[in-house]
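Student: Please see the structure below; I have some questions.
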Amino acid sequence: MSTVSWITARGLFGRRRFLLLFPLPVVLVLLAVLSRSFGVDPGEWGPPVLVGLGLAVVLPVVALIVGTGVLGAEIDDGTVVHILTKPLPRWQIVLPKLAVATGVTAATVAVPLYVAGVLADSVRLGLALAAAACLGALAYSALFLALSLLTRRPVLLGLVYVLIWEGLLGNFVSGTKVLSIQQYVIALADRLAPTGLLETSVSVPVAAVMTALVSVGFTVLAIDRLRSFSVAGETS
Amino acid sequence: MTTTSAAPRAGAATETASTLDLAGVSRWYGNVVAVNDVSMRLGPGVTGLLGPNGAGKTTLLHMMAGFLAPSRGAVTLDGAPTWRNPDVYRRLGLVSEREAVHSFLSAYEFVLASAKLHRLPDPQEAARRAIALVEMESAQDRRIGTYSKGMRQRARVAAALVHDPQVLLLDEPFNGMDPRQRLHMMDLLHRLGDAGRTILFSSHILEEVEQVSGTVQVMVAGRLAASGDFRTIRRLMTNRPHVFAVRSTDDRALAVALMAEPSVTGVELARTGLTVRAGDYGAFTRALPRIALAKGIRVRQLVPEDESLESVFSYLVEA
């Protein structure tokens, strides 16, 4: 484990907002277990729980908390200077942080999605949801990591993207779905395990290409922005 | 190579010393000019960057450390720009003013992490050496979150020194330190400067700068108001009378004789001695022994009264 990822992980787990990660996945599993045990038809509870809660809320919100935590939090409190005053090419700082963010998000989200998917349909759906969520975790993490360097309010902007763009506009303006990580994840999961539960208008090739583009594009952007990282002039 | 001494590595002194160059550096934010056309060259030794709050010291330090792009001009370390060039951190260490540390780490872990990020061949030994340099061994395994402000500052200095940089920049390093820690830090900076390192520290407290370094760069309102040895700077201010405290065997007779001297602009007689104002530093210091000898008066004490950095600084700020 590189020193950057070690510090990043210690920082992530050392902050109290890390605890925010747990309620959402727990609620997801609880809802799935309850629906299943009351014998509700998976066709009824599947879409709202798996997509409406799992992919539309749990995945992006966890990714937002973690993705802005790995770098944004360090920029906020100024500790990032300690890592930046080292003769490291900036990709050696961004990539480990992206890996930590993706790994933590994926682990937090994939497990409950797998459980919910198994309860709703089959092990195959569970695995498909988990795998797609991992890819989604990568794309979201790259986006939120770059946001930490582009704006002083990455959490706010990230929330606007998740809630307004993906959540609200996606329902009314179908064109916005092409620029929605959530839709890519749905399309990929549906391709891996075709059931009647997941629905999207985005085609699988578009989803695959766009997921890769988002992940790589925002990572490259983050590396370049970190190269020009400026400390705001402040006087005591 | 291992050395048990707390001084900087002896072998490192054979490396070529580094020079930090600023050529016509300006930085503005919108239409506010924070740093205005500053040129300076920093070589081995300790230099104090002095100026009132808001003079642009921190902005200048950030540009030197590669954390801010100059709006105009260039900042180079041994010819290489510091902006967008992480390689300069092999030779440069920074202790920023903002007291930000990974509080969940212990000082040893923190310094060790810095050593590893520098890819030092023996990070454990380097971390131990740096911690010994700031005398933090006894507290090195406690979480930084439990430290006092001065201890945190020392932990950060240790982290900045772990790779034995040629250039060390410190922004207000004495803030929050108690007198003992302050003395220790001053001593450390002296030793590093004597070992051929280029040390620049900023401060708005004259006393600190005066005690640590004779060479100052004075910033006032974004401009470099003066640079060099502050006693020399003082002497160059010929439009300001120099004030001397003189005590002799016969103050009254000396006062009378001095009034006839053209370089003297005023004499004040008090029970404790004379306060003499002289327009020309050189002429007065040459005239005094001559006059005393001629009158048969023995001068017991001659002390320049306004060569303190305080008075130099207030002259500059008023100017």
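Student: Evaluate the following for B:Val46: is it crowded, with 19+ Cβ neighbours inside 10 Å, in a strand (DSSP E or B), at the interface with chain A (Cβ under 10 Å from one of its Cβ atoms) and among the β-branched types (Val, Ile, Thr)?
Tutor: No; evaluated as a whole, the condition is false for this residue.
Student: Which one of these does A:Val81 not meet: (1) within 14 Å of chain B (Cβ to nearest Cβ); (2) under 25 Å from the mean Cα position of the chain (by Cα)?
Tutor: (2)
Student: Follow-up. Residues of the stretch A:74-116 being farther than 26 Å from B:Val88 by Cβ and surrounded by fewer than 20 Cβ atoms within 10 Å (Cβ to Cβ), which ones?
Tutor: Selection gives A:Ala99, A:Gly103, A:Ala107, A:Val111, A:Val115.
Student: Output the residues belonging to the stretch B:122-168 that are touching a residue at least 40 places away in the same chain (Cβ under 8 Å) and small (Gly, Ala, Ser).
Tutor: Once the filter is applied, which keeps residues that are touching a residue at least 40 places away in the same chain (Cβ under 8 Å) and small (Gly, Ala, Ser), the stretch B:122-168 yields B:Ala132, B:Gly145, B:Ala155, B:Ala158, B:Ala159, B:Ala160.
Student: Out of A:Leu50, A:Leu12, A:Leu21, which single residue is surrounded by 18 or more Cβ atoms within 10 Å (Cβ to Cβ), hydrophobic (A, V, I, L, M, F, W, C) and farther than 30 Å from B:Leu105 by Cβ?
Tutor: It is A:Leu50.
Student: Taking the residues in the stretch B:117-144 that are part of a loop (DSSP other than H, G, I, E, B) and away from chain A (no Cβ under 12 Å) as candidates, determine which candidate is farthest from B:Met185 (Cα to Cα).
Tutor: The residue in question is B:Pro121.
Student: Which residue out of A:Arg15, A:Arg36 is touching a helix residue (DSSP H, G or I) at 6+ places or on another chain (Cβ under 7 Å) and over 14 Å from A:Val115 (Cβ atoms)?
Tutor: When all the criteria are applied, what remains is A:Arg15.
Student: Another question, then. For the stretch A:81-123, give me the residue count where each residue is part of a helix (DSSP H, G or I), free of Cβ contacts under 8 Å to residues at least 60 places away in the same chain and closer than 30 Å to B:Leu170 by Cβ.
Tutor: 1
Student: Out of B:Phe104, B:Phe67, report the one residue that is at the interface with chain A (Cβ under 9 Å from one of its Cβ atoms) and crowded, with 19+ Cβ neighbours inside 10 Å.
Tutor: B:Phe67
Student: For the stretch B:161-187, how many residues are among the aliphatic types (A, V, I, L, M), crowded, with 22+ Cβ neighbours inside 10 Å and not in a loop (DSSP other than H, G, I, E, B)?
Tutor: So the count comes out to 6.
Student: Consider A:Val62 against the criteria (1) more than 14 Å from chain B (Cβ to nearest Cβ); (2) more than 28 Å from A:Ala187 (Cα to Cα); (3) at pLDDT 95 or above: it satisfies all of them except one. Which criterion is unmet?
Tutor: Looking at each condition in turn, A:Val62 falls short on (2).
The values are calculated or read from the model by the stated rules, or taken from the named source; none is laboratory data. Remember, predicted model here, so these are calculated numbers, not experimental data. Note: ideal-geometry Cβ built from the backbone for every residue, glycine included; neighbour counts use all protein chains shown.
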